[in-house]
């Protein structure tokens, strides 16, 4: 339900400029950024006598050096603090009588990377943020206070005209539940390969082909190989624009996964938009099995909050798969960004209604440094999970 993301390779310094900058000058001539994001999240979920009230503040500080002979270094620290007491289950605080809000307190190294750029090639080594295409399969889960990052080496190239090539070898996945150990695990110890090739087709949109070979030492049942394509773009229709998104992928087991399976994914979305409003309708399907478990299409490294409703009932695909039919509206009104969406969820492998969900958000940017957001989501269960209402209020200040 999101537009494709292109990751351009940064332009390198000219040789003369590189020679004129000393290492000490590059280190001291960098840029620092600081941000604070406060969020209050309330969860009213059937089956729990008490609601979750998560009042959390995330402080983030990063610094990126200048460029020296094509090299630069960036480091980023996060501190996440509960404000006013742990009246929610963070997955680490043992408050199991309340619903989960996966924002555990922590202080950690969010990113620490060495970047080298030469012409149209880029190499990034270290702990880094990786967002590929529309983040349906690989993303940073930026909605959570502790985002997902990757200990990896990434190679990017734009040497071929109108083409972006990306390869990452991932040694470890730092999940939103970390850095402390627990359940779910805070890390996925990995021997994984991410391959993505994207072509700019001009008026015909953008086409991506990808292959994700995920092999996890401590989560063998999540080890899989996925190959697919994504085609996005928009077509002018008079004074309107008609955006579209089409995607297909196939998945099977790999590594030490004990289950032999094959599953498919597909998504189709079409919309209509002007400068101040948009409307979209779509259908997304992740296949499963009518009688056997552990054979559904899974996306463990996706930015999942962007997909299949904000209540997050389907972070793990149910054994019988899922079909999500949705309608979404967006508008800009008097400085506010408004979003409204409706989802109808059902099983893919059998005839079964899971439930329906409404999502609503209102956001506003105040000046250059402050972002405000209010969100609400309501999931009404038919045969899957339980009725749940979530409310959010957040403010982000960044410099």
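Each value in this text was obtained by applying a stated rule to the coordinates, not by laboratory testing. As the structure is a prediction and not an experimental result, all values here were calculated from the model. Using ideal geometry, Cβ is built from the backbone for each residue, glycine included, and neighbour counts are taken over all protein chains shown.
Observations on the model:
- Each peptide in 284-292, 170-178, 44-52 receives the mean, over its residues, of other Cβ atoms within 10 Å, and ordering these scores from highest gives 170-178, 284-292, 44-52.
- Additional length obtainable on full extension of the chain from residue 372 to residue 189, 0.36 nm per residue less Cα span: 62.3 nm
- Over all projection directions, the Cα-based convex hull of region 312-378 averages an area of 5.5 nm².
- Put in order of Cβ neighbour count within 10 Å, fewest first, the listed residues 208, 351, 262, 90 become 351, 262, 208, 90.
- Label reach from residue 93 (point 7 Å along Cα→C-beta): in region 355-399, amide nitrogens under 20 Å belong to 389-396.
- Extension gain for residue 252-residue 181 works out to 22.7 nm (0.36 nm per residue, less the C-alpha to C-alpha distance).
- Placing a label point 7 Å from the Cα of residue 217 along the Cα-to-Cβ line, the residues of region 138-178 whose backbone N sits under 15 Å from it are 151-152, 170-174.
- Once the Cβ-Cβ distance of residue 336 and residue 36 is raised to the sixth power relative to R0 = 25 Å, the FRET efficiency obtained is 0.65.
- Computed E for residue 118/residue 387 - FRET, C-beta separation, R0 41 angstrom, nearest 0.05: 0.15
- For region 12-96, projected area of the alpha-carbon convex hull averaged over all directions, nm²: 8.0 nm²
- Kirkwood hydrodynamic radius over Cα pairs of region 205-289, then Stokes diffusion coefficient at 25 °C and 0.890 mPa s, in µm²/s: 165 µm²/s
- Each stretch of four or more DSSP H residues adds -39500 (n - 2.57); spread over every residue of the chain, this sum gives -500 deg cm²/dmol at 222 nm.
- Each peptide among 223-232, 66-75, 152-161 gets the average number of other Cβ atoms lying within 10 Å of its residues, and from highest to lowest they stand as 223-232, 66-75, 152-161.
- When the Cα convex hull of region 268-381 is projected onto planes of every orientation, the mean area is 8.2 nm².
- Distance distribution P(r), region 45-171, all Cα-Cα pairs, bin width 10 angstrom from 0: 12, 31, 29, 17, 9, 3, 0 percent.
- Against the compact-protein benchmark of 2.2 N^0.38 Å, the Cα-based radius of gyration of the chain scales to 1.01.
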